[in-house]
Amino acid sequence: MASAPVSQRSNGATPFGFSFTPRGVLVVSEAFGGAPNGSAVSSYSLRDGQLTVRSGSVSTTQTAACWIVITKNGKFAYASNTGSNNISSYRVGSAGRLTLQEAVATPTGAGPIDMALNKNSRFLYVLNGGSDSLEVFRVDRGTGRLTPGTGVSGLPNGANGLVAR
């Protein structure tokens with residue numbers, strides 16, 4: 001029999017995107033209501049239906065953190081900052097603790113609204129709603145650094161949602 005739903009307050013304001021590491025750590029973006037330079041990312045361990053903060057509101061120093069993706073090896077997390085038009089990168093420790101690696105790992109087109117990693121985490125795809133474009137970045141497996149690749153512009157206005165293989 002399923003247990004009753006459990007609700008828990010987020011560490012930071014306006015939680016938005018989330019993802020789990022391979023070890024089950026929950027990583028959540030916090031947009032802080034879109035306050036300029038106010039976004040952050042928190043991590044939580046999950047045990048017996050209870051969340052415990054691992055890293056509380058580690059600032060991106062950017063605006064409107066939106067989506068979170070985590071590499072297959074669980075070492076790096078990326079947050080799209082829709083208000084700042086860029087991606088922030090984090091190192092994820094073995095206990096799920098976050099360290100901001102780069103506040104601006106790479107600039108993006110206008111309004112990065114979705115992200116996806118391919119199955120081996122070698123490529124990060126970013127959908128930019130404000131510029132109707134898709135960008136591709138190569139992910140360095142050792143450092144987590146992003147290198148721009150070839151993208152596509154001229155997508156239909158209002159395109160949203162992204163899946164990578």
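Rule-based calculations on the coordinates, nothing more; no lab input. Values in this document were obtained by computation on a predicted structure and should not be read as measured data. Positions of Cβ are generated from backbone atoms using ideal geometry, with glycine treated the same way; all protein chains shown enter the neighbour counts.
The amide H of residue 113, built 1.01 Å from its N in the peptide plane, has 127, 128, 129 as neighbours under 5 Å, considering only residues 5 or more places off or on other chains. For the chain, the Cβ-based charge dipole about the Cα centre amounts to some 680 debye (Lys, Arg positive; Asp, Glu negative; other atoms uncharged).
In order along the range 56-65, the Karplus-derived 3J(HN,Hα) couplings, from 6.51 cos²θ - 1.76 cosθ + 1.60 at θ = phi - 60°, round to x, 6, 7, 4, 8, 6, 10, 10, 6, 4 Hz, and Gly and Pro are given as x.
Projecting the Cα atoms of 16, 108, 44 onto the charge dipole of the chain (Cβ charges, centred on the Cα centre) puts 44 farthest toward the positive pole. Of all DSSP-defined beta bridges confined to the range 37-129, some 100% are antiparallel rather than parallel.
If you take the Cα centroid of the range 103-134 and the Cα centroid of the range 20-82, the two points sit 16 Å apart.
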